[in-house]
Amino acid sequence: MRKYQMTGVEEGTQARQEEHAASSGPELLRKKRTTQAERNTCQLYIQTDHLFFKYYGTREAVIAQINTTSDEKDPTNPFRFPNIGVEKFLELNSEQNHDDYCLAYVFTDRDFDDGVLGLAWVGAPSGSSGGICEKSKLYSDGKKKSLNTGIITVQNYGSHVPPKVSHITFAHEVGHNFGSPHDSGTECTPGESKNLGQKENGNYIMYARATSGDKLNNNKFSLCSIRNISQPICGNGMVEQGEECDCGYSDQCKDECCFDANQPEGKKCKLKPGKQCSPSQGPCCTAQCTFKSKSEKCRDDSDCAKEGICNGFTALCPASDPKPNFTDCNRHTQVCINGQCAGSICEKYDLEECTCASSDGKDDKELCHVCCMKKMAPSTCASTGSLQWSKQFSGRTITLQPGSPCNDFRGYCDVFMRCRLVDADGPLARLKKAIFSPQLYENIAEWI
């Protein structure tokens with residue numbers, strides 16, 4: 001397990017090594033490679049406990065994206081007790097069967113000890129348990145667990161953290177699930193550098209301690225993390241460099257076309273003799289190890305691309321033909337450009353998207369509207385529902401998606417289309433109320 005902490009205490013090297021050594025979790029009855037991903041899409045299972053629900057106040061505020069446990073007295077709610085430590089909280093999540101998902105996370109509003117904001121099992125090539133797509137199995141403590149799990153809290157030392165801190169915490173824990181340990185060494189911890197130019201850019205996502213989220217590197221993975229995450233390994237279900245196919249380990253492989261990862265070197269992750277392809281290579285290969293015919297669909301259509309059709313001579317699904325440029329997408333808030341939902345709906349009418357900001361005298365209700373302006377004319381910025389653009393949008397107000405930045409990037413739109421301002425100084429203001437030594441406070445100020 002890995003903790004992402006917001007703390008003012010410097011960790012010693014020995015303490016970090018001990019944490020890593022102690023974090024391998026329960027001993028697996030039979031060891032094998034655990035990080036297994038499905039090609040390029042990972043399906044997440046996200047739920048919240050009743051305390052998270054209580055903080056946001058209404059079911060409507062979270063129901064669109066999250067399955068919520070709202071009743072603290074519900075005996076089926078494993079998180080109903082208020083005084084659960086962070087390790088136990090993760091264990092409760094792990095005791096559920098999450099085989100249908102790559103990762104499963106619980107969001108809560110609890111103040112865990114030592115400033116812990118998140119905790120997750122780490123994927124590793126060494127055979128230890130945990131990480132992305134780890135299946136539920138029996139461990140030596142006699143319990144079945146899914147270790148493709150993690151937890152996130154939005155509370156720290158009695159106060160709520162800004163959304164951007166929670167976002168980085170979530171990315172940090174998912175980084176652990178994908179097999180990245182904490183960053184270390186001068187190359188990957190520039191925020192600790194004595195060089196002011198490097199220090200100013202801050203640390204990366206997998207830094208072991210707190211970050212404010214507003215420095216250049218804060219929302220990026222370091223080269224150390226990328227190397228750990230991208231390491232090719234036979235048995236993870238994804239065909240990588242040096243592999244012909246990858247159907248997993250012997251207890252997972254249902255593929256008659258591919259040698260599983262338990263086979264000797266030279267055979268594992270190779271096609272069996274006489275086989276044309278393996279379903280692990282792509283959706284255009286049959287279970288009988290032959291290419292599918294040209295007429296078979298291999299990908300559903302999307303907002304901006306037509307359905308994919310097999311070509312009859314490769315297991316991969318060929319690229320889909322794009323739909324016409326300026327086709328509406330993303331719930332009519334954007335348009336398609338070259339097969340990608342990448343343009344603003346404003347571009348459809350030869351306008352540019354702009355931000356309706358309160359400083360411009362805009363009504364607060366418009367802060368979560370899609371706003372457009374004439375090219376190179378910021379003074380014409382107005383909501384799509386305004387009279388100014390009634391000819392283009394027929395009086396229809398187009399709103400931003402929940403979670404979109406608003407009010408000139410000062411906040412985020414909620415599900416009720418209200419712009420919730422972010423208090424970027426929140427963590428620092430809370431720490432000022434605490435009693436610290438001057439030297440320690442200077443260190444904390446640098447981290448924040």
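Every number in this text was worked out from the coordinates using simple rules, so none of it is lab data. Every value quoted in this text rests on a predicted model; they were computed, and no experiment measured them. Glycine gets a Cβ as well: all are built from the backbone with ideal geometry, and neighbour counts include every protein chain shown.
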A correct Kirkwood calculation over the Cα atoms of the range 168-236 returns a hydrodynamic radius in Å of 12.2 Å
For the range 328-421, averaging the sequence separation of alpha carbon pairs under 8 Å that lie six or more residues apart and dividing by its residue count, the contact order in percent is 21 percent
Full extension between ALA342 and ASN330 adds, at 0.36 nm per residue less the Cα distance, a length in nm of 3.4 nm
For the table LYS323/LYS348; LYS365/LYS391; LYS73/LYS143, the rows whose alpha-carbon distance is greater than 18 Å are LYS365/LYS391; LYS73/LYS143
Applied in sequence order to the range 99-116, the curve 6.51 cos²θ - 1.76 cosθ + 1.60 (Karplus, θ = phi - 60°) yields integer Hz couplings, x standing for Gly and Pro, of 4, 7, 10, 6, 9, 9, 10, 10, 9, 9, 10, 10, 9, 6, 4, 6, x, 6
XL table LYS54/LYS144; LYS135/LYS254; LYS135/LYS220; Cα-Cα > 20 Å flagged, in table order, is LYS54/LYS144; LYS135/LYS220
Here FRET efficiency (C-beta to C-beta, GLN241 to ASP321, R₀ 30 Å, nearest 0.05) is 0.55
1/(1 + (r/R0)^6) with r = Cβ-Cβ of GLU187 and SER394, R0 = 51 Å, i.e. FRET efficiency to nearest 0.05, evaluates to 0.40
Scaled by the rule-of-thumb 2.2 N^0.38 Å, the alpha carbon Rg for the range 158-297 gives a ratio of 1.47
Under 19 Å by backbone N from the virtual spin label 7 Å along Cα-to-Cβ at ASN201, the residues of the range 213-252 are 213-228
A correct fewest-to-most ranking of PHE326, PHE409, PHE79 by other Cβ atoms within 10 Å would be PHE409, PHE326, PHE79
Scattering profile of the range 328-421 from the Debye formula, Cα beads only, expressed as log10 I(q)/I(0) at q = 0.20 Å⁻¹, is -0.94
Going fewest to most other Cβ atoms within 10 Å around each Cβ, ILE151, ILE309 line up as ILE309, ILE151
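For a quick check: sort LEU44, LEU351 by the number of other beta carbons within 10 angstrom, fewest at the front.
Listing LEU44, LEU351 from fewest to most nearby Cβ atoms yields LEU44, LEU351.
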Contour minus Cα-Cα span, LYS143 to ASP111, at 0.36 nm per residue, comes to 8.8 nm
